[in-house]
1. Looking at E38, E33, which one is open to solvent by 80 Å² or more (accessible area, probe 1.4 Å) and free of Cβ contacts under 8 Å to residues at least 12 places away in the same chain?
2. Taking only the range 284-305 into account, find how many residues are within 17 Å of L261 (Cα to Cα) and over 39 Å from the mean Cα position of the chain (by Cα).
3. Would you mind finding the one in S511, S517 that is part of a helix (DSSP H, G or I) and among the hydroxyl-bearing types (S, T, Y)?
4. Does the range 596-614 hold any residues that are open to solvent by 20 Å² or more (accessible area, probe 1.4 Å), more than 11 Å from the ligand (Cβ to nearest atom) and either in contact with a Ser or Thr (Cβ under 6 Å, 6 or more places away or on another chain) or assigned to a strand (DSSP E or B) (or both), and which are they?
5. Given the conditions (1) within 16 Å of the ligand (Cβ to nearest atom); (2) exposed (fewer than 14 other Cβ atoms within 10 Å of the Cβ), report the number of the one that S525 does not fulfil.
6. Mind checking whether some residue in the range 467-484 is closer than 23 Å to R535 by Cα, modelled with pLDDT of 95 or more, touching a strand residue (DSSP E or B) at 6+ places or on another chain (Cβ under 8 Å) and open to solvent by 80 Å² or more (accessible area, probe 1.4 Å)?
7. Would you mind stating whether T67 is modelled with pLDDT under 90, of a type in the set (S, T, N, Q) and over 15 Å from T131 (Cβ atoms)?
8. So which pairs qualify, if the first residue must be in the range 549-560 and polar (S, T, N, Q) and within 8 Å of the ligand (Cβ to nearest atom), the second must be open to solvent by less than 70 Å² (accessible area, probe 1.4 Å) and assigned to a loop (DSSP other than H, G, I, E, B), the Cβ gap must be under 6 Å, and the two must be at least 6 apart or on different chains?
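The values are calculated or read from the model by the stated rules, or taken from the named source; none is laboratory data. Small disclaimer: the values here were computed from a predicted structure and weren't measured. FYI the Cβ positions are ideal-geometry reconstructions off the backbone, even for glycines, and counts take in every protein chain you see. Side chains are part of the model used for accessible areas, which takes the heavy atoms of the whole protein and leaves out ligands, DNA and RNA. Shrake-Rupley method; radii C 1.70, N 1.55, O 1.52, S 1.80 Å.
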Amino acid sequence: MTGPTTSLQTRLTAGIALAAALLVTAVGWYWTEREEQELTQALQRRQARMAELAARGFAGPIWNLDTAAVTNLLDAVMAEPEVHAIELNAVGVDAEPTRRVREREAVRPLTVEFDIVHQAAPQAAPAKVGTGRLVYTRQYVAEAVAQSRRFVASILAAVLLAVIATSALLIRRLVKLPVSQLGAVAQRVAEGELGTTTPVVRRDEIGVLTEQFNSMSRQLQRSAEVLRASEERYRSLFENATMGIFQCDARGRLLRLNRSLAQMLGYARPEQVLDHSHSLRRLARIEPPEYRRLATALLRHKLLTQVPLLITLHDGQQRWVELSAHLVPDAAGPRIEGMLSDISERRAAEQELTRHRDHLEELVAERTAELSQAKLRAEAASQSKSRFLATMSHEFRTPLNAILGFSQLLQMDASLNASQIGKVNLIRDSGDHLLSLITDVLDMASIEAGRVRLQSEALDLRALLEVACDAVRLRADEKQLRLQLDVHAELPSRVRADGQRLRQVLLNLLSNGVKFSDAGEVRLSCAPVWQGDGRVRLRFEVSDTGIGIEPAQLERLFQPFEQVSEDARRLGGTGLGLSISQQLVRLMGGQITVQSERGQGSRFCFELEVPVAA
Ligand code: ADP
């Protein structure tokens, strides 16, 4: 960890030092080059001036062949330290040139040649008396430049030292320390201390990096917590599932299994299973051909769904299980994940069901026979009850008619006093009530015994309705009730129906209307609903403005012997009228319905479809 950090510092410092060195070197090089150039130019200028002086100075002595003067002049020239050599050639003199040369080697010598011209008189033409060669050494220039270079080198060294020291210090303070601090925190995060942060000291790039690192660390902690919670949930699901869950490698070697599966295999804990064997095939003692078949199907389809399988536990017990599994691709090779559920009980129930289904028909036939026997017995019982009732009612009627006949005669006897008349009236009323009760019971019994046969006859509908109204008119008038008959204009005048039964029904409904109303009106209406093809559907309606019926009582209305209201008991009656009427209307192919509200009157309706008579 420290290696790369040091290296970064070294590299940064070296980079900065290199840049500074290059800069200082370039400046130094330029500076010394320039200096050398300037010094050389100055030397050249001095050399030219010396050559000019020599040309002029040597002309006289050479003309005059004044050797001593020439020698003096040569010494004078050589006194100039920068002069390396001087050489004179006298024109026309066939002798060795006169020269002076220093012993020391010239440094990058500069040579200039010049003519020596003599003018004897101002008017005379100048005459060339000789030539000269002046050699200058650049030793002093080189020394000056070398000194400058040394100076530049020392500046370079000083600058480098300063740059290296400053940059090392700055990099250490600004980069190395915060980065290594961040590195230490990162190390702690990597070791599992998620959520560890470090304070942000400066607002620079490192500060931003630290902030981002802190938020990453906190985010990591949050994600790890979420992950842990979810893992716990899945672990609990896995461990507490009632189904057996397992994971194994592609060769069928168990990697993990939950407690339910261990228990299904006859062990208490998953570890015990794995201690015993890792092979699912061996643990469940699946037959090799069956196992191969499953493996091939799984490899081909990547999925097995609810495959029933017979397994044998280590105690030899056999159980039916249902296997669902799928192949999970994984970098380390495919894995198999699956579930086993114990279906032994279901299987037994299914077998039981199949057995029952096989015997169901027999059972149904058996039960049907029993039921039809019971039905026949019940019907026989019902019929004998009805027969008994019919016979008894008939037997009651004969003496009752005698009682009624004699009480009628007694009522007409003028010798009876008021008290006796009252008692005779009571006998008459009681006898009438008993007779109507017996008539109703007889009717009911006849209907229930199936002995009522409808007599279809051509009848005048309007006349029938009027007769029914007339029968209750007297009672209605006594109670000052309006009795209204509404006959639709398009009502066919003659139809075929059982007039006696129809009249009985209408009479019952009308007399109830009158009985249970104290004011207002009782209305009978009849209208065709549709007509055609020689038939007509008639709607009969009996409404009143009487006491009405509670909603709860409406349901029991058509049951025999039901007197739904308290007033009904007071007003007399048997509680059989509506029940008989409903049975009769049903026999005629209709159904009585009722609409009523307590205190708002009642409306009884039924529809019958009958042939129109000619
Ligand atoms: P009942 O001989 O008592 O009139 P029903 O079978 O004709 O026997 O009627 C049964 C009961 O239905 C009556 O006791 C009465 O409580 C109720 N009921 C029938 N018709 C009416 C009506 N038009 N208004 C109010 N209550 C009625």
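1. Values: E33 fails: open to solvent by 80 Å² or more (accessible area, probe 1.4 Å).
Selected residue: E38, the only one of E38, E33 that is open to solvent by 80 Å² or more (accessible area, probe 1.4 Å) and free of Cβ contacts under 8 Å to residues at least 12 places away in the same chain.
2. Filtering the range 284-305 down to residues within 17 Å of L261 (Cα to Cα) leaves 284-286.
Applying the additional criterion that residues be over 39 Å from the mean Cα position of the chain (by Cα) yields 285-286.
Final tally of qualifying residues: 2.
3. Step by step, each of S511, S517 is checked, and only S511 is part of a helix (DSSP H, G or I) and among the hydroxyl-bearing types (S, T, Y).
4. Just the residues of the range 596-614 that are open to solvent by 20 Å² or more (accessible area, probe 1.4 Å), to begin with: 596-600, 603, 607, 609, 611-612, 614.
Those still in the list that are more than 11 Å from the ligand (Cβ to nearest atom) too: 607, 609, 611-612, 614.
Answer for the range 596-614, where residues must be open to solvent by 20 Å² or more (accessible area, probe 1.4 Å), more than 11 Å from the ligand (Cβ to nearest atom) and either in contact with a Ser or Thr (Cβ under 6 Å, 6 or more places away or on another chain) or assigned to a strand (DSSP E or B) (or both): E607, E609, P611, V612.
5. Of everything listed in (1) within 16 Å of the ligand (Cβ to nearest atom); (2) exposed (fewer than 14 other Cβ atoms within 10 Å of the Cβ), S525 misses just condition (2).
6. no
7. Working: modelled with pLDDT under 90: yes; of a type in the set (S, T, N, Q): yes; over 15 Å from T131 (Cβ atoms): yes.
So T67 passes the test.
8. Between residues of the range 549-560 that are polar (S, T, N, Q) and within 8 Å of the ligand (Cβ to nearest atom) and residues that are open to solvent by less than 70 Å² (accessible area, probe 1.4 Å) and assigned to a loop (DSSP other than H, G, I, E, B), the close pairs are Q553/V564.
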